[in-house]
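The values are calculated or read from the model by the stated rules, or taken from the named source; none is laboratory data. Note that the structure is predicted; figures quoted are calculated from it, not measured. Backbone-built Cβ (ideal geometry, glycine too); neighbour counts: all protein chains shown. Surface areas here come from the heavy atoms of the whole protein model, side chains and all, with no ligands, DNA or RNA. Shrake-Rupley method; radii C 1.70, N 1.55, O 1.52, S 1.80 Å.
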Amino acid sequence: MEKAHDVLIRNLSEHTALTGEDLDEIRALTFTQRDVAPNEDFIRQGDEPEHSALVVSGMVARYHLLGGGGRQYLAFHISGDLPDSQGLFIDQMDHGLSALGHASVAFIPHRELFIAFRRRPTFALSVWRETLLDASIFREAITNNSARPMQARMAHLFCELFYRARAAQLVRGNRFRLPISLVQLGETLGMAIATVNRTLADLRRGGAMDLRDGDLIVLKWRELQRLGDFSPAYLHLKRQSPPEA
């Protein structure tokens, strides 16, 4: 497994040109790493944040907790992501974070990050860009869930996750690990479980993808991209990484 600081450097370097001094500053940070069990919350809505989390391995989900105890999943984060970088600038978390499947998360003290930002403004800029990229993904998710039909909505989500995982070098062949339940998929896309099952069956029948044993398998990338009306421009990756046809 990669060390936490190397994971962070790999991710930030996707969108920001970091100098040797920036890399030294990142490597000097204190990373406290721990394993997180499937569906375990490691940041709760209402927490007063003192650390920023870095996903070292696995996948985590950001969610809003609803009054009746249900969840609305807002975004998914993979290795290299800083899923709560907004916590640097707010007093109380307005969302929670939990693991999908087994994950490893490293925590970085806010006080160390602010000292590092003053020393290395380019590093600060790279973390600020992380929050802007999150916002871009949020905007696309709003459009996806409110303006696209059910099949396109699900296909678009699968396209986004596969594309991001490929850029992070997490795809093996035509598959990557996506340990999401059908209930969680419905809570992400605003679908009842019966609609999730029907929509997933339609996508499988078309031969573009499969979701099997916690793996997303993309069989026909361009067809899945067409079904999901997916363009990766909103991800703002420097190194575009389109899967093979």
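Each label was represented as a point 7 Å from its Cα along the Cα-to-Cβ direction; for Arg129 and Gln169 these points are 1.8 nm apart.
Of His5, His77, His51, which has the most accessible area with a 1.4 Å probe, and how do the rest follow in descending order? Write out the running numbers ahead of the final one.
Details: His5 40, His77 5, His51 75 Å².
Final ranking, largest accessible area leading: His51, His5, His77.
Quick one: pull the percentage of alpha-carbon pairs in the chain with a separation above 33 Å. Counting pairs separated by more than 33 Å, the tail of P(r) holds 17 percent.
Work out, step by step, the length gained on full extension between Arg222 and Glu2: first 0.36 nm times the residue separation, then minus their alpha carbon distance; give nm to one decimal.
Details: separation 220, 0.36 × 220 = 79.20 nm, distance 3.16 nm.
Gain in length upon complete extension: 76.0 nm.
Normalising the average separation of contacting C-alpha pairs (under 8 angstrom, six or more residues apart) by the number of residues puts the relative contact order of the chain at 21 percent.
Give, to the nearest whole percent, the P(r) tail of region 1-66 beyond 13 angstrom, counting all Cα pairs. So the pairs more than 13 Å apart make up 71 percent of the total in region 1-66. What FRET efficiency, computed as 1/(1 + (r/R0)^6) with R0 = 35 Å and r the Cβ-Cβ distance, is obtained for Glu48 and Ile142, rounded to the nearest 0.05? With R0 = 35 Å, the Cβ-Cβ based efficiency is 0.80.
Summing Cβ point charges (Lys, Arg +1; Asp, Glu -1) relative to the Cα centre of the chain gives a dipole of roughly 880 debye. Protection proxy ranking for 173-182, 30-39, 99-108, using the average of other Cβ atoms within 10 Å per residue and placing the highest first: 99-108, 173-182, 30-39. Accessible area ranking (1.4 Å probe, heavy atoms, ligands and nucleic acids excluded), largest first, for Ile115, Ile217: Ile115, Ile217. Here the Gaussian network model covers the chain, with springs between Cα atoms less than 10 Å apart; of Ile137, Ile26, Ile90, Ile90 fluctuates the most.
Can you give the FRET efficiency to the nearest 0.05 for Ser181 and Thr30, using r as the Cβ-Cβ distance and R₀ = 22 Å?
Details: r = 34 Å, r/R0 = 1.56.
Computed FRET efficiency for Ser181 and Thr30: 0.05.
Region 15-70 and region 149-205 have Cα centres lying 23 Å from one another. With all protein chains kept in place, the per residue accessible area of the chain amounts to 47 square angstrom at a probe of 1.4 angstrom. Using 0.36 nm per residue and subtracting the Cα-Cα separation, the extra length available between Asp229 and Arg198 on full extension is 9.2 nm. If I compute solvent accessible area with a 1.4 Å probe over the protein chains, what percent of it on the chain is carbon and sulfur? Solvent-exposed carbon and sulfur of the chain make up 51 percent of the total.
Between Met150 and Thr19, what is the FRET efficiency for a Förster distance of 51 Å, r being their Cβ-Cβ separation, to the nearest 0.05? The value I calculate is 0.65.
Taking a ≥ b ≥ c as the square roots of the Cα gyration tensor eigenvalues, region 25-115 comes out oblate, since a/c reaches at least 1.5 and a/b does not exceed b/c. Our summary of shape: the Cα atoms of region 44-87 have principal axis extents of 32, 22, 13 Å, ordered from largest down, in whole angstrom. Our Cα-only numbers for region 149-235 put the radius of gyration and Dmax at 12.0, 33 Å.
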